[in-house]
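The values are calculated or read from the model by the stated rules, or taken from the named source; none is laboratory data. All of these numbers come straight from a predicted model, not from anything done at the bench. Backbone-built Cβ (ideal geometry, glycine too); neighbour counts: all protein chains shown.
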Amino acid sequence: MNKVGKGRLQTLNENEVTNKTAYLNRRQIIKAAGLSTFLGGFTESAAQPLKVADTAGARGPPWLRKLVSDASVGRFSTTEKLTPFEYVTGYNNFYEFGSSKSDPSEKSSGFVSDPWRIEVKGACEVTGQFHLEDILRGQEIEERIYRLRCVEAWSMVIPWIGFPLNRLLSRFKPTSQARYVKFETVYRPSQMPGQSSFFATLDYPYVEGLRIDEAMHELAFIAVGLYGEPLLPQNGAPLRLVVPWKYGFKSLKSIVKITFQKHRPQTSWQLANSKEYGFFSNVNPDVSHPRWSQATERRLPSGLFGSNRMDTLPFNGYGDEVSHLYKGMNLRIHY
Ligand code: MTE
């Protein structure tokens, strides 16, 4: 079996992956917007100068490092150029740490992701509290290079490490009542300053959900690492969802609770503004966000000398795999 190790990463452009200093010297200043907090949601160009936090020592326990470094090369990876590590870990949306793109990397160094427990409840035969070690024991870990398309109309290509979500969910034996799965992020205001901020745009904990057939689809993924290392706090350590055919806000970070249920859960962004953010949130170039078009996207890095703009594809380019899930549905209504 092929391994995802340093050898494979070194086949990439050296500047992009290994030479952070050289990369940072030419980092781009992206025009600031910074109004999102007051507008009660995202803004299309919610972009700020890229700053990179010192991440030494924030890379998970040894057993997780070993698991991640032993990952195999999975199917379903795009061959598109990877977004540089510095962008993937320095330009983030994680409102629990603040609403600027640099807040998650700058304000998460005190975030504790080991030990970690996940509660599983609702319409399933196996319920309870589970240690991360137990959840990951025996899982075959693989790399998936996916496109991530944010509702703000920027995108990245990220080499995630993890395993299919369906493999996790099946272990809890969902019953026939389990038509939806609800996910919750940790609520820990002492370590997540955005949760207690006066300017918070969302009610916490951050909640997301999937229909059970979406959750069981082979492309829905649980990431525990990226670029060959365990996830950093800003990317959702120690484990997060990655649903590549949906806008990025469905890919909830730092999961602590999974509930199988009959009824569709209300998600954080729907509760904040249901006219702008729907439950399905499939990437759709034909349905504009009320405040901007979704027809194109800026593939990061973009900057002063080129916006790197490209057409957005239906279902973020994963239509062949997932469009059957929405057969007969009007996706303008079910946005
Ligand atoms: N999960 C939580 N708990 N809180 C958040 O603010 N932001 C979402 C998603 N998951 C968010 C979250 C959004 S809007 C995006 S685009 C992706 O995370 C960004 O993931 P990344 O920062 O790892 O690129």
Restricting attention to the stretch 125-143, does a residue exist that is free of Cβ contacts under 8 Å to residues at least 12 places away in the same chain, among the hydroxyl-bearing types (Ser, Thr, Tyr) and away from the ligand (no atom under 13 Å from the Cβ)?
no
Given LEU202, LEU165, which one is within 16 Å of the ligand (Cβ to nearest atom) and either of a type in the set (Val, Ile, Thr) or closer than 22 Å to PHE42 by Cβ (or both)?
LEU202
Top-ranked residue in the stretch 177-221 [being free of Cβ contacts under 8 Å to residues at least 12 places away in the same chain and hydroxyl-bearing (Ser, Thr, Tyr); ranked as surrounded by the most Cβ atoms within 10 Å (Cβ to Cβ)]:
SER196
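Listed here are the residues, each with its yes/no results for (1) of a type in the set (Phe, Trp, Tyr); (2) without any contact (Cβ under 8 Å) to a residue 12 or more places away in the chain; (3) more than 29 Å from ILE135 (Cα to Cα); (4) surrounded by 21 or more Cβ atoms within 10 Å (Cβ to Cβ).
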position	(1), (2), (3), (4)
GLU80	no, no, yes, no
PHE94	yes, no, no, yes
PHE97	yes, no, no, yes
SER100	no, no, yes, yes
SER105	no, no, no, yes
SER109	no, no, no, no
TRP116	yes, no, no, yes
GLU119	no, no, no, no
Tally, over the stretch 211-230, of residues that are among the small types (Gly, Ala, Ser), more than 18 Å from THR267 (Cα to Cα) and away from the ligand (no atom under 14 Å from the Cβ):
1
Among the residues of the stretch 244-251, are any among the polar types (S, T, N, Q), under 17 Å from HIS334 (Cβ atoms) and within 16 Å of the ligand (Cβ to nearest atom)?
no
In the list SER109, SER99, which residue meets the criterion of being near the ligand (Cβ under 9 Å from one of its atoms) and in contact with a helix residue (DSSP H, G or I) (Cβ under 8 Å, 6 or more places away or on another chain)?
SER99
Output the number of the condition that ASN316 fails; it satisfies all remaining conditions of (1) within 15 Å of the ligand (Cβ to nearest atom); (2) under 21 Å from LEU219 (Cβ atoms); (3) part of a loop (DSSP other than H, G, I, E, B).
(3)
Does GLU152 satisfy the criteria of being within 16 Å of the ligand (Cβ to nearest atom) and within 27 Å of PRO314 (Cβ to Cβ)?
yes
Can you tell me how many residues in the stretch 71-98 are in a loop (DSSP other than H, G, I, E, B) and either of a type in the set (Lys, Arg) or modelled with pLDDT under 95 (or both)?
4
Checking LYS253, LYS257 in turn, the sole residue that is basic (Lys, Arg), in a loop (DSSP other than H, G, I, E, B) and within 30 Å of ALA123 (Cβ to Cβ) turns out to be LYS253
Looking at THR259 and the list (1) among the hydroxyl-bearing types (Ser, Thr, Tyr); (2) more than 19 Å from LEU148 (Cα to Cα); (3) within 13 Å of the ligand (Cβ to nearest atom); (4) touching an Asp or Glu at 6+ places or on another chain (Cβ under 9 Å), which single condition is not satisfied?
(3)
Condition check: more than 14 Å from the ligand (Cβ to nearest atom), closer than 19 Å to GLY228 by Cβ, surrounded by 21 or more Cβ atoms within 10 Å (Cβ to Cβ) and in contact (Cβ under 8 Å) with a residue 24 or more places away in the chain. Does GLY60 satisfy that?
yes
Answer yes or no as to whether PHE280 is at pLDDT 95 or above and either touching a helix residue (DSSP H, G or I) at 6+ places or on another chain (Cβ under 7 Å) or among the aliphatic types (A, V, I, L, M) (or both).
no
So which residues in the stretch 231-243 are outside any loop (DSSP other than H, G, I, E, B) and either surrounded by fewer than 24 Cβ atoms within 10 Å (Cβ to Cβ) or near the ligand (Cβ under 10 Å from one of its atoms) (or both)?
GLN234, ASN235, ARG240, LEU241, VAL242
For the stretch 113-123, give me each residue that is assigned to a loop (DSSP other than H, G, I, E, B) and away from the ligand (no atom under 16 Å from the Cβ).
ASP114, PRO115, ALA123
